Structures are given as C-alpha cells and as structure tokens.
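First the structure, in the form of structure tokens, and then the observations on it.
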Amino acid sequence: LRLVHLTSLNKITSETQKMSLYRNTVWFLKGLQEYTKGGYEAAARLFNEADLEVNVSGRSFIITGANSGIGKAAACEIAKRGGTVHMVCRNEDRANEARKDVVEQSKNENVHVHLVDMSSPRKVWEFASGFSQNHNLHVLINNAGCMVNQRELTEDGLEKNFATNTLGMYILTTALIPTLKKSENPRVITVSSGGMLVQKLNVEDLQFEKGSFDGTMAYAQNKRQQVIMTEQWAAQHKEIHFSSMHPGWADTPAVQSSMPDFHERMKNKLRTEAQGADTVVWLAISDAASRQPSGLFFQDRKAVSTHLPLASSRSSPAEDQKLMSKLEELAVKFNNGENGKNAKSS
C-alpha cells in the first residue's frame, strides 16, 4: 500500500512539474510578444484616445502603493484630470516626495497622503474605518504589492506576501464597499499580474507553509487570488464596477528590487511606468471601461482570458467560495471596530 501511495505521489508530482513547466513556457513566450514595450505599442494603435479626455473633478480616488511605479503614474494622470487623489503609502518620506511630484506635474493640490502598512490587517481596518467617516470615495485602486523572496512572517504571524497582496487588499476593499455604494458610478480596480496565469488557486495552503518556498510563485498565487476575489465581488455587489488588470512588464522600482535577474535580462524591452499604468487609468476614469461587464481581467484596455490554453488552472466554484470564506474568517479576527460588521452585511 505504501509503495502504491508513493508511486501515485511521484506520478502526481511529475505531472505537476510538467504542467508547471508548460505554463511557465507558454506564459513567457506570450509575455515576450504582449507584455513588453513592443506589445504595448502594438496594442496602443487601437486605443481610442478620447477615452481619457475626461474631467474627473469632484471624484475621489484611493490608490494604494502610490509613492512609486504604476501607482504614482496613475495618481499623476488622475490628478491631471482634476480628481481628488488619496495616496496610501507605507513610507512617510517617500510618500511626501511622491505627493510633491504629483502636485507639481498635475497642478492639482487635492492630493493627500495616508500612511498605512498594507501587511498589517489591523492598520488597514483602522484606515478604512477612519476614511469612511471623513471622506467620500468613487474609485478604489488596489495597487500596493510586495514580492518577498524568502518566507517571512509579519508581527501578526502572517506570511508577508499573502498579508500584503491578498489579505490587506481583501480587508481594504471589503471595508470600503459600503462607502463606495453611496457614490455615483463606483469602481474598484485591482492591479494583478499576468504571472497569475501560471498558478491554479491553492486554497489549502494560502500562506505557503507546505513544501519549498518560492517568492515569485507565492506572488503569482496571490495575484490569482486577487482575480478570483474580483470575480466574486462583481457577482455579489452589482452596484460597483469591479475589474482586475495586468500592467505588462514595466520598469518599476519593485521589479528592479524583487526580480533583479529578470530586470537585467529584459530592461531594454520593459514598458515605462506610464505605459504600465495606462489600463489602470482607463479602467478608473473612462466611460468605455464602465460599459464593460463587471469582474473581468484586462490587458491593454481589452478584457482577456484569465487562463492559458490547456493549462488546467481553473478552480471550482466551491474552491473560489472557500477562498472568500477563509479570508473573511481571517479578516474578522483582526477587526476591533464595527467596520467589519458593516462590510459583512453589505
């Protein structure tokens, strides 16, 4: 029996490794064609430039991770069009420096900094609760993310990538849904990644406690989770337009620090930060985006598949629901206020 079990286990492991190699290979070839600067330029020939010729004065936007990269580029474009921008950042000095740049470039003083560590669930709850009491909100852009290459726990005992990319985003979005519902044409945009295409949801090991740890794959798994959350929320909250997106391979400080080898090999082919942010801005402000069905995954202003061909990466409805239940269970543990009850009943 033990021999049969080991043989079966080896077979499953072998099949998993083959599938993993297949997904990674297909994804990389796709990326070379579509995710690079050349891919953006090819797609941009079909863009309708009038989509972004809008004035969003009077509309309020939260952008997490807004002190650099795609978040900062999106903040700048939205501020240029008159939006009130709330930059949610972790580092005070870098956040204030980024705010100064955004104000200078946009000539818009309605840019505000909020200091929040997205890997701390309690701090995310506190921020969302305080924000809801003092501000209105039309658009939430979940952009903050991290890729820690060694398994590292936060002070709450949470794996850091999961705490930031998945649980922090879940809590912020859930807590702000009641506020968003009070606004006209509310939207939630989540900056995911094409890397999620190489991962199938693994709801049994959300914090990567089993097997060897791979930071890149942990990140990709978080990004798969974000796409599923977006789909689930879209089904639950019809009043809000939800979308997730892939910015392509952009030359950002996060890519430089988290993936130095990839950056070194690909740096001449990488998109600019503004090119990476283009679809975020389009989803956040254009009428064309709001006419798309809620819950879709976008790349270069087009809805695209959330799975590679023949990649066996689809999860079941029961697994998707289990993800949401586990996140809710975890989120509630860290909520000391009333906001979680409000979000749960919304």
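The values are calculated or read from the model by the stated rules, or taken from the named source; none is laboratory data. Bear in mind that the values here come from a model prediction, so they are computed numbers and not experimental data. Don't worry about glycine lacking a Cβ; one is built from the backbone with ideal geometry, like all the others, and counts go over all protein chains shown. Only protein heavy atoms, including side chains, enter the accessible area calculation; ligands, DNA and RNA are left aside. Shrake-Rupley method; radii C 1.70, N 1.55, O 1.52, S 1.80 Å.
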Q: From the list Leu270, Leu310, pick out the single residue that is modelled with pLDDT under 95 and either open to solvent by 20 Å² or more (accessible area, probe 1.4 Å) or out of contact with any helix residue (DSSP H, G or I) (no Cβ under 7 Å at 6 or more places or on another chain) (or both).
A: Leu310
**Q.** Check on Thr230, of a type in the set (Val, Ile, Thr), within 20 Å of Ile70 (Cβ to Cβ) and either in contact with an Asp or Glu (Cβ under 8 Å, 6 or more places away or on another chain) or in a strand (DSSP E or B) (or both)
**A.** no
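When you scan region 199-219, how many residues do you find that are open to solvent by less than 20 Å² (accessible area, probe 1.4 Å) and more than 14 Å from Glu159 (Cβ to Cβ)? Walk me through how you get there before you give the answer.
At the first step, the residues of region 199-219 found to be open to solvent by less than 20 Å² (accessible area, probe 1.4 Å) are 201, 203, 205-206, 215, 218.
With more than 14 Å from Glu159 (Cβ to Cβ) added as a condition, the list becomes 201, 203.
Matching residues across region 199-219 total 2.
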Q) List the pairs whose first member sits in region 118-144 and is within 19 Å of Asn185 (Cα to Cα), whose second member is part of a loop (DSSP other than H, G, I, E, B) and open to solvent by 30 Å² or more (accessible area, probe 1.4 Å), and whose Cβ atoms are under 8 Å apart, counting only residues at least 6 apart or on separate chains? A) Asn136/Lys182; His138/Arg59; His138/Glu184; His138/Asn185; Val139/Arg59
Q. If you go through region 120-136 one residue at a time, do you hit one that is under 26 Å from Arg271 (Cβ atoms) and of a type in the set (S, T, N, Q)?
A. no
Q. Given Ala44, Ala66, Ala98, which one is surrounded by fewer than 19 Cβ atoms within 10 Å (Cβ to Cβ) and either aliphatic (A, V, I, L, M) or modelled with pLDDT of 95 or more (or both)?
A. Ala44
Q.
Could you check region 49-65 and list, in sequence order, the residues that are free of Cβ contacts under 8 Å to residues at least 12 places away in the same chain and in a helix (DSSP H, G or I)?
A. Glu49, Ala50
Q: Within region 144-170, track down each residue that is under 16 Å from the mean Cα position of the chain (by Cα), open to solvent by 20 Å² or more (accessible area, probe 1.4 Å) and farther than 10 Å from Ser119 by Cβ.
A: Gly145, Met147
Q: Taking the options Val124, Val103, Val85, name whichever one is hydrophobic (A, V, I, L, M, F, W, C) and outside any helix (DSSP H, G or I).
A: Val85
